[in-house]
1. What is the distance in Å between the Cα centres of the stretch 14-44 and the stretch 109-188?
2. In angstroms, what radius of gyration and Dmax does the chain have, counting Cα atoms only?
3. Using modelled amide H (1.01 Å from N, peptide plane; none on Pro or chain starts), what sits under 5 Å from the amide H of residue 23, excluding residues fewer than 5 places away?
4. So what's the angle, to the nearest 10 degrees on a 0 to 90 scale, between helix 104-116 and the longest Cα principal axis of the chain?
5. Below 12 angstrom from the Cβ of residue 125, what's the summed charge of the other residues (Lys, Arg +1; Asp, Glu -1)?
6. Neighbour counts of other C-beta atoms within 10 Å: give me 31, 69 arranged from fewest to most.
7. Could you line up 53, 21 from fewest to most neighbouring Cβ atoms inside 10 Å?
8. From the helices alone, meaning DSSP H stretches of at least four residues, give me the mean residue ellipticity at 222 nm for the chain, per-run term -39500 (n - 2.57), in deg cm²/dmol to the nearest 500.
Amino acid sequence: MHSPRVQIRPRRRPPLRMLPLGGCGEIGMNLTLYGYDDHWIAVDCGMMIRQDLPDSPLQVPNVDTPKALGIVPKALFITHGHEDHIGAVAWLWPLWNCPIYATPLAAGLLRLKFAEHQLSSAAIQVIEPGEALESGPFTLRYLLLTHSIPESCALMMMAGGYRILHTGDWKLDPEPLIGMPMNAAQFKALAPLI
Ligand SMILES: [Zn+2]
């Protein structure tokens, strides 16, 4: 007797999308968009200094592609306060007008930049390392890493069963001169990702 033909279809779920607009394969102007189910978020928004362009050395990421695709991030998450991660926020955020989440030092630096640009800093929200928050289908947790500026964090992001670790900048230093050492056990416990 033939057994009935059973077709097992893979469970359908929307893809997780990633749109790197700066900082991948280059140093500077970090900006990455992630999208799930038409909900987009942005991670970092930095500038790049181009010494080979003396007339316009400060460059910000080109956002023509998300504009053409109608993508407007619903939230901006900052990993740390270096210029190549926050230096373009005052230029590009007005296009998005979304909440901005940053650790206390990065949030303070951003407020200064917003004041220089005569922008209200009401959208800038402080988040402490270790805290988690949600944006649409995304759940994000800020995980402390060691780097050359305090309160640098990786972002553990989850959406629709996908798990992504966006590290930002980091180094492994068990005795950092500033800030707390990273919690290795916490990062080991994240595996497996996607
Ligand atoms: Zn950095």
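No value in this document is a laboratory result; all are computed from the given coordinates. Nothing here was measured: the structure is a model prediction, and the numbers come from that model. Every residue, glycine among them, receives a Cβ derived from its backbone with ideal geometry; neighbour counts consider all protein chains shown.
1. That distance is 15 Å.
2. Expressed in Å, the Cα Rg and Dmax of the chain come to 18.9, 80.
3. Those lying under 5 Å, H to H, from residue 23 are 31.
4. Taking the Cα atoms of the chain, the angle to 104-116 is about 60 degrees.
5. Here the charged neighbours net out to -1.
6. The most exposed by this proxy come first: 69, 31.
7. 53, 21
8. Numbers: 5 runs with 35 residues, N = 194.
It comes out at -4500 deg cm²/dmol, rounded to the nearest 500.
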